[in-house]
Amino acid sequence: MNDQSNVKIRLNNSELWGGLIGLALGGFVIWSGLKLKLGTINDPGSGFVLFYTGILMCLFATSIIIAAMTEGGPTFGSRWVNTRWTKPLLVIVCLVAFSFALNPLGFLLSAIPLMLLLLRVVDPVRWSLAIPIALLVPLGMWWILKRLLLIQLPSGIFEIG
């Protein structure tokens, strides 16, 4: 009876299953890299980075599996105890609203209210800090993306011509 309960605990080990899923995902990434052709170190193919990323993923997943088997880990049920979903759901709703507002309003008019909302509602920051951050971070990102990296961003209502 005691041996069977130990087997149940091992099968309900969330870290073990996370490691197994990570191992399978890493195997898929390796396979995708091979499918795209590796090339050489001097002339890498399109699957070169993907292949070696998959190897790293498998190594990390294997270390998680070994740790889960030797040290044990939390059960699935214990991971969800006292979980509060309001803030993660609020962030998801904000990001969905941002994605819908991005094209019609443009990057800056979408990102500034998003930042302000996240800074004040999700993890409250005082107004004297939230307003400068909500203005300067999107402006800084806009400048880096648009001017330095020459990435075209949605201009929204400010579009000329």
Dipole of the chain (Lys/Arg Cβ +1, Asp/Glu Cβ -1, origin at the Cα centre): which of Leu148, Met57, Pro88 lies farthest to the positive side?
-> Pro88
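Any idea what the dipole of the chain comes to, in debye rounded to 20, about its Cα centre with Lys/Arg Cβ at +1 and Asp/Glu Cβ at -1?
Numbers: 11 positive and 6 negative charges, 55 e Å.
Computed about the Cα centre, the dipole is about 260 debye.
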Could you work out the helix-only [θ] at 222 nm for the chain, with each DSSP H run of four or more residues adding -39,500 (n - 2.57) and the total divided by the number of residues, to the nearest 500 deg cm²/dmol?
-> -22000 deg cm²/dmol
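If you wrap a convex hull around the alpha carbons of the stretch 86-158, what volume per residue comes out, as a whole number of Å³? Intermediate values should be presented prior to the final figure.
On the way: hull volume 6.1 nm³, N = 73.
About 83 Å³ per residue, rounded to a whole number.
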If you put +1 on each Lys and Arg Cβ and -1 on each Asp and Glu Cβ, how big is the dipole of the stretch 2-79 around its Cα centre, in Debye rounded to 20?
-> 180
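Could you tell me which trypsin sites (Lys or Arg not before Pro) in the stretch 72-161 are loop residues by DSSP with no more than 11 other beta carbons within 10 angstrom of their beta carbon? The partial results should precede the final answer.
Working: sites: Arg79, Arg84, Arg120, Arg126, Lys146, Arg147; in loops: Arg84, Arg126.
Here the trypsin sites (Lys or Arg not before Pro) that fit, given the DSSP loop and packing criteria, are Arg84, Arg126.
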Taking chymotrypsin sites (Phe, Trp or Tyr not before Pro) as exposed when in a DSSP loop with at most 11 other Cβ atoms inside 10 Å, the chain has its longest clean stretch at 1-79
Contour minus Cα-Cα span, Val122 to Lys37, at 0.36 nm per residue, comes to 26.2 nm
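None of the figures in this text is laboratory data; all of them are computed from the coordinates on show. Only a predicted model underlies this, so the values are computations on that prediction, with no experimental measurement involved. Note that each Cβ is placed from the backbone with ideal geometry, even for glycine, and that neighbours are counted across all protein chains shown.
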